[in-house]
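Trainee: The structure under discussion is supplied below as C-alpha cells; questions concerning it will follow.
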Amino acid sequence: GNIQVAGSYTHKPSGMMFPKAINDFQRVDIYQYDKEGLDVSVGYNLFAPPRTIIATMYVYPAPKVVSIGSPPSVVTTARYIAAKGEFESRKQEIVQAHPGATLIEERDFSLIQAGKTQLGKMATFQYEDIFLNKRQVVEGKVYLFCYVGDNWIVKYRFSYPKSFDATKEIDDFMRSLSWNITSP
C-alpha cells in the first residue's frame, strides 16, 4: 500500500534513504508491495516541459543463493545467473505493460556514486503510449543492480517522450541519490 511520509523516507530493512526531492525531481509516492516492507518503490517526477521524466526507484530482496560450504567462485556464478534471470524478467515486464515495445539498447552499465562503482545492466525500450495527455513515442529505460549490500536489488525505471533527450537528467538523478544500503 501507499506510505505517507512528510520528509525523507528511510526503507528500514535496507537503510536506503529517499529524500523529498532529487535535483529537479519531486517525490510523488512511496509504495510497499509486501507485508514485511522489504519490497518498496519510490516515484519521482520531473515536470518542467519539455524536460519531463517519470522516475521510479525500487529496492527489494535479491534472489537467495544457497552457499553452504561452496567456494566463492560457485557463489559468484550462481549470483551472476540469478542476476541475469532477474534482468530478463524486468525486461519482460516492460514488454507486457507496453505491447509493441521495441528493445533498442541493452548493455552493462557502471554507476559511479560518491567514488564507488556499482555494476549493473540497462535496457532502453521505445513504444507508443499516452504520455502527458497525448499519444506519442515514449522511451523507457530500466537499470538493474543486483546484490547491493549482498541482499538487495536496486532498480530504476525512467519514462519520457522520445522527443526529449533525458540522458543528462537521468545520469544526474542516479548519481545524486547515493545508496546508503547496509549489509546485514
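Trainee: Show the residue pairs meeting these rules: Cβ distance below 7 Å; 6+ apart or different chains; first residue within the stretch 130-157 and modelled with pLDDT under 95 and of a type in the set (S, T, N, Q); second residue surrounded by fewer than 17 Cβ atoms within 10 Å (Cβ to Cβ) and not in a strand (DSSP E or B).
Mentor: Partner pairs satisfying both residue conditions: Asn151/Pro184.
Trainee: Here's a check for you: in the stretch 15-31, which residue that is in a loop (DSSP other than H, G, I, E, B), touching a Gly at 6+ places or on another chain (Cβ under 9 Å) and closer than 18 Å to Ile53 by Cβ is most open to solvent (accessible area, probe 1.4 Å)?
Mentor: Lys20
Trainee: Any residue in the stretch 6-20 that's closer than 20 Å to Asp34 by Cβ: show its pairings with residues that are acidic (Asp, Glu) at Cβ separation under 8 Å, as long as the two are six or more apart or on different chains.
Mentor: Pairs that qualify, where the first residue is closer than 20 Å to Asp34 by Cβ and the partner is acidic (Asp, Glu), are Pro13/Glu36.
Trainee: Condition first: basic (Lys, Arg) and under 13 Å from the mean Cα position of the chain (by Cα). Now tell me which residues in the stretch 148-174 satisfy that.
Mentor: Selection gives Lys155, Arg157.
Trainee: Of everything in the stretch 127-184, what is acidic (Asp, Glu) and either over 20 Å from Gly115 (Cα atoms) or buried (at least 21 other Cβ atoms within 10 Å of the Cβ) (or both)? Give them in sequence order.
Mentor: Glu128, Asp129, Glu139, Asp165, Glu169
Trainee: Look at Ile112 and say whether it is surrounded by fewer than 19 Cβ atoms within 10 Å (Cβ to Cβ) and either among the acidic types (Asp, Glu) or more than 24 Å from Val40 (Cα to Cα) (or both).
Mentor: no
Trainee: Of all the residues that make up the stretch 32-56, how many are in contact with a Ser or Thr (Cβ under 7 Å, 6 or more places away or on another chain), within 18 Å of Val5 (Cβ to Cβ) and open to solvent by 40 Å² or more (accessible area, probe 1.4 Å)?
Mentor: Count: 0.
The values are calculated or read from the model by the stated rules, or taken from the named source; none is laboratory data. Not measured: the values here are computed from a predicted model. Note that each Cβ is placed from the backbone with ideal geometry, even for glycine, and that neighbours are counted across all protein chains shown. Quick note on the areas: whole protein, heavy atoms, side chains included, nothing else; ligands and nucleic acids left out. Shrake-Rupley method; radii C 1.70, N 1.55, O 1.52, S 1.80 Å.
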